[in-house]
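**Student:** Mind looking over this structure? Questions follow.
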Amino acid sequence: MELLTHALPFVAPARLGGPTRGVRTAWAAPVLADRFAPTDELPPLWPAPEGDARGLTVEPVHPAVVELAANDSWMYDMLALIDGIRIGDARVRGVARELLNERLAQAAAA
């Protein structure tokens, strides 16, 4: 957990790109979106032609992220929370850390 919450932005820094179509991540993903007020900013997205949104490209932590997220909602939430830590401001990082910790604890207990 310490690696994910404190070192991840340095181990796997986010690389933001230009506008694209894709899958919402970080604070724009469903797991975090309802916790923050909507803004006029373009949302962060993993590039995917079949995506349902337009926003700014975020290079995923792994090339298989979009496929994993499409096939497993739990994994989508976890990867979006990880991106919240990688690219979010202090408030987003704090909420993403809290949710990530809760979900990992639940998974460990199951």
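The values are calculated or read from the model by the stated rules, or taken from the named source; none is laboratory data. None of the values given here were measured: they were computed from a predicted structure. Because the Cβ atoms are built from the backbone with ideal geometry, glycine has one as well, and the counts that use them run over all protein chains shown.
**Student:** Give the number of residues within segment 62-92 that are in contact (Cβ under 8 Å) with a residue 60 or more places away in the chain and either over 13 Å from T5 (Cα atoms) or of a type outside the set (A, V, I, L, M) (or both).
**Tutor:** The number of residues fulfilling the criteria is 3.
**Student:** Hey, does segment 56-70 have a residue that's of a type outside the set (A, V, I, L, M, F, W, C) and more than 15 Å from the chain's Cα centre (by Cα)?
**Tutor:** No, segment 56-70 contains no residue that is of a type outside the set (A, V, I, L, M, F, W, C) and more than 15 Å from the chain's Cα centre (by Cα).
Residues checked against (1) in contact with a Gly (Cβ under 8 Å, 6 or more places away or on another chain); (2) of a type in the set (D, E, K, R); (3) within 12 Å of V31 (Cα to Cα):
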residue: W74; (1), (2), (3): no, no, yes
residue: D77; (1), (2), (3): no, yes, yes
residue: A80; (1), (2), (3): no, no, yes
residue: G84; (1), (2), (3): no, no, yes
residue: G88; (1), (2), (3): no, no, no
residue: N101; (1), (2), (3): no, no, no
residue: L104; (1), (2), (3): no, no, no
residue: A107; (1), (2), (3): no, no, no
residue: A110; (1), (2), (3): no, no, no
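**Student:** Kindly provide the set of residues from segment 26-75 that are farther than 14 Å from V92 by Cβ, assigned to a strand (DSSP E or B) and not hydroxyl-bearing (S, T, Y), ordered by number.
**Tutor:** Correct list: L45, W46, P47, A53, R54, G55, L56.
**Student:** Sort out which residues of segment 65-94 are surrounded by fewer than 21 Cβ atoms within 10 Å (Cβ to Cβ), aliphatic (A, V, I, L, M) and more than 25 Å from A105 (Cβ to Cβ), and write them in order of number.
**Tutor:** Within segment 65-94, just A70 meets the criteria.
**Student:** Within segment 13-25, take every residue that is among the basic types (K, R) and surrounded by fewer than 22 Cβ atoms within 10 Å (Cβ to Cβ) and give me the one that is farthest from G94 (Cα to Cα).
**Tutor:** Step by step, filter segment 13-25, then rank; the result is R21.
**Student:** Just one of the numbered conditions (1) closer than 15 Å to G84 by Cα; (2) touching a helix residue (DSSP H, G or I) at 6+ places or on another chain (Cβ under 8 Å) is not true of F10; which one?
**Tutor:** Here F10 meets the rest and fails (2).
**Student:** Given the residues A109, A28, A48, which is the only one that is at negative phi and surrounded by fewer than 18 Cβ atoms within 10 Å (Cβ to Cβ)?
**Tutor:** Matching residue, one of A109, A28, A48: A109.
**Student:** Another question, if that's okay. For segment 1-38, enumerate the residues that are of a type in the set (S, T, Y) and at pLDDT below 85.
**Tutor:** Listed by number, the list holds a single entry, T5.
**Student:** On the given criteria, is L42 touching a helix residue (DSSP H, G or I) at 6+ places or on another chain (Cβ under 8 Å), surrounded by 11 or more Cβ atoms within 10 Å (Cβ to Cβ) and hydrophobic (A, V, I, L, M, F, W, C)?
**Tutor:** It is false that L42 is touching a helix residue (DSSP H, G or I) at 6+ places or on another chain (Cβ under 8 Å), surrounded by 11 or more Cβ atoms within 10 Å (Cβ to Cβ) and hydrophobic (A, V, I, L, M, F, W, C).
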